[in-house]
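Below is one structure, written out as structure tokens; the observations come after it.
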């Protein structure tokens with residue numbers, strides 16, 4: 001037992017393909033606010049990974065580096081506690097990826113369930129870019145370069161952690177000692193927030209997302225348009241809570257659990273109108289997003305200040321990840337120039 | 001017409017899996033000695049590529065970085081004229097590889113004839129490492145990072161140049177301008193030197209190679225053991241020149257063409273013994289290799305000096321390749337921090 005306990009390292013982040021939205025808040029940002037209090041947390045702006053399926057629109061990926069940074073700062077992620085860094089500016093990640101690719105077979109990558117599923121979602125079919133097939137290796141480079149001990153993921157991302165740990169074991173076996181730690185998945189207990197249209201995934205492109213920067217009017221419109229129970233035609237009819245998007249959102253954002261349970265019971269037996277529910281949800285979302293929107297607007301007025309924060313974080317991360325690369329190379333006995 | 005003509009850039013190099021041998025001398029080193037006189041020549045010690053099929057023996061790859069460097073210096077490659085650099089110490093190459101992997105499909109890589117053939121040779125079958133499948137992309141990164149205009153290759157490597165140029169065109173199309181030049185293959189007119197046993201490829205592992213550092217006795221033994229014409233049993237018998245390993249070597253190393261043609265004619269009609277031929281070849285090889293062996297031994301006594309030369313070359317190459325990476329990123333509109 002060492003007397004001083006070093007807080008564990010958490011690696012998390014986002015692909016920079018668009019500003020973040022309520023789904024990100026519920027699924028990850030909220031828990032990151034907690035994690036940063038007693039972990040060494042690294043937030044990776046994953047622009048290199050975003051390119052694996054946005055190669056024909058690199059400008060979009062670049063523009064959203066600052067958007068996601070603004071979202072981080074707006075929700076209260078604190079650069080003093082959470083290091084924000086840009087993936088494409090950490091050369092050790094690319095070098096580790098290339099190295100690890102020698103220790104993973106093509107058929108192993110093709111069997112990765114997450115990759116398989118996403119190949120379908122993105123409509124790549126047969127012609128997957130090599131970068132897309134290999135992105136689990138790049139993720140392993142990310143995770144190991146930071147020596148992350150905990151990686152927050154959804155259930156569907158568990159195979160990525162398994163792939164990373166496989167590479168860790170392979171490298172450690174080759175090195176004959178434990179140069180890299182295995183990572184643990186920190187699986188979110190929160191279900192994924194559906195889009196405002198009730199579809200399974202909230203996304204900007206589907207037009208069913210409420211961005212963190214949404215104006216009061218945008219929030220109101222989004223709530224107004226939400227599906228409830230299509231069979232609940234008259235206020236006096238009994239209504240269904242399950243699959244009712246408004247209740248799903250109230251479950252995610254209403255902290256008064258007792259009142260919420262009463263409302264559900266009332267709705268089920270009939271006599272509670274959708275308007276009451278929507279007003280309640282609107283109030284909750286307005287209260288949540290107002291300070292986030294204000295802070296975001298403040299930071300957005302100072303882009304140089306924000307980019308300096310990100311640059312400083314990236315420099316810290318560059319040093320750390322380079323150190324890991326050097327360790328891995330030395331452990332494998334790869335070539336290096338003598339020092340001095 | 002510009003008044004000052006900049007010499008074209010040549011990129012070439014070797015995988016660092018073992019010391020170089022006579023096959024390398026005939027196939028590439030000799031022409032590099034000519035090229036360095038009127039080209040900007042970069043010699044890449046391809047240790048990262050060597051790992052793609054030597055992942056279980058990284059130490060071998062590392063140890064041979066200095067061996068190949070010694071071979072270069074021994075044959076007369078001049079660090080003032082040919083920049084010697086270590087692939088694994090040029091981070092821009094890994095970064096360009098990762099970037100280009102987004103612009104090449106897996107099925108395109110699987111169709112690469114060179115990769116297909118080498119998969120068979122190396123016995124990978126189904127379980128190819130991802131790094132091996134993607135090594136044509138890494139080669140494209142090498143070629144383009146140096147903005148190489150000429151790349152010396154054997155016939156069998158032509159698909160690699162084609163793959164590289166495909167990537168160049170894809171990047172230029174994405175960028176909307178010609179940020180990268182296409183490379184031209186400089187196909188060697190010299191056939192591949194067979195092993196001393198007559199097998200198609202000279203290689204250390206097959207035990208049929210004469211290393212550039214071979215001792216006089218090793219050269220003598222190798223020549224002595226060479227196959228001639230198995231049907232040429234008595235000196236007076238007519239002998240065959242085609243497929244006769246000693247004549248193949250004489251073709252490669254004997255500069256007195258007239259005498260050589262006379263010998264061939266004599267051998268064909270009968271009356272010329274193998275011993276005479278072998279003595280002649282031995283003399284030619286001893287004369288060729290003696291100064292190379294001596295210079296190699298001299299340099300080998302000063303490993304720090306040699307490594308300083310390679311380090312200086314690597315630093316020059318690192319700056320050049322980083323510049324190309326920055327240009328490509330800017331042309332694609334990828335994220336960068338504002339300067340200052």
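Nothing in this text is a laboratory measurement; each read-out follows from the coordinates by a stated rule. Quantities reported herein were computed from a predicted structural model and do not represent experimental measurements. Cβ coordinates were reconstructed from backbone atoms using ideal geometry, including for glycine residues, and neighbour counts include every protein chain displayed.
The angle separating the long axis of helix B:274-300 from the principal Cα axis of greatest extent in chain B is about 40 degrees. Comparing mean-square fluctuations of A:185, A:206, A:145 from a GNM of chain A with C-alpha springs under 10 Å, the top value falls on A:206. With the cut-off at 16 Å, report for region B:201-283 the share of all Cα pairs above it, as a whole percent. Above the 16 Å cut-off, region B:201-283 has 52 percent of its Cα pairs.
Note down the relative contact order for chain A as a percent, whole number, built from C-alpha pairs under 8 angstrom at least six residues apart.
Reported relative contact order: 22 percent.
Specify the inter-centroid distance of region B:266-340 and region B:1-76, based on alpha-carbon positions, in whole Å. If you average the Cα positions of each part, the centres end up 4 Å apart. Its relative contact order, with pairs defined as Cα atoms under 8 Å and 6+ residues apart, puts region A:182-323 at 21 percent. Name the shape class, rounded, prolate or oblate, that the alpha-carbon gyration tensor gives for region B:229-340, where a ≥ b ≥ c are the square roots of its eigenvalues, rounded holds for a/c under 1.5, and otherwise prolate holds if a/b is larger than b/c and oblate otherwise. The shape class here is prolate. Taking the longest Cα principal axis of chain A as reference, the axis of helix A:303-332 is set at about 40 degrees. Here chain A is treated as a Stokes sphere of Kirkwood radius computed over C-alpha pairs; at 20 °C and 1.002 mPa s its diffusion coefficient rounds to 98 µm²/s.
The mean number of Cβ atoms from other chains found within 10 Å of a Cβ in peptide B:61-70 is 2, as a whole number. Cβ-to-Cβ counts within 10 Å put B:213, B:88, A:107 in ascending order as A:107, B:213, B:88, the fewest first. Based on Cα contacts under 8 Å between residues 6+ apart, region A:216-298 shows a relative contact order of 35 percent. Helix A:91-100 and the long axis of chain A differ in direction by around 80°, with both axes built from C-alpha atoms. Here chain A carries DSSP beta bridges of which approximately 5% are antiparallel, counting only pairs with both residues inside. Summarising the strand pairing of the protein assembly as shown, around 10 percent of its internal DSSP beta bridges are antiparallel. Separation of region B:120-172 and region A:156-208, taken as the distance between their Cα centroids, equals 31 angstrom. Averaging 1/r over each pair of different alpha-carbon atoms in the protein assembly as shown and inverting the result gives 28.7 Å, the Kirkwood hydrodynamic radius. With neighbour counts taken as other beta-carbon atoms within 10 Å, the residues B:276, B:328 rank, fewest first, as B:276, B:328.
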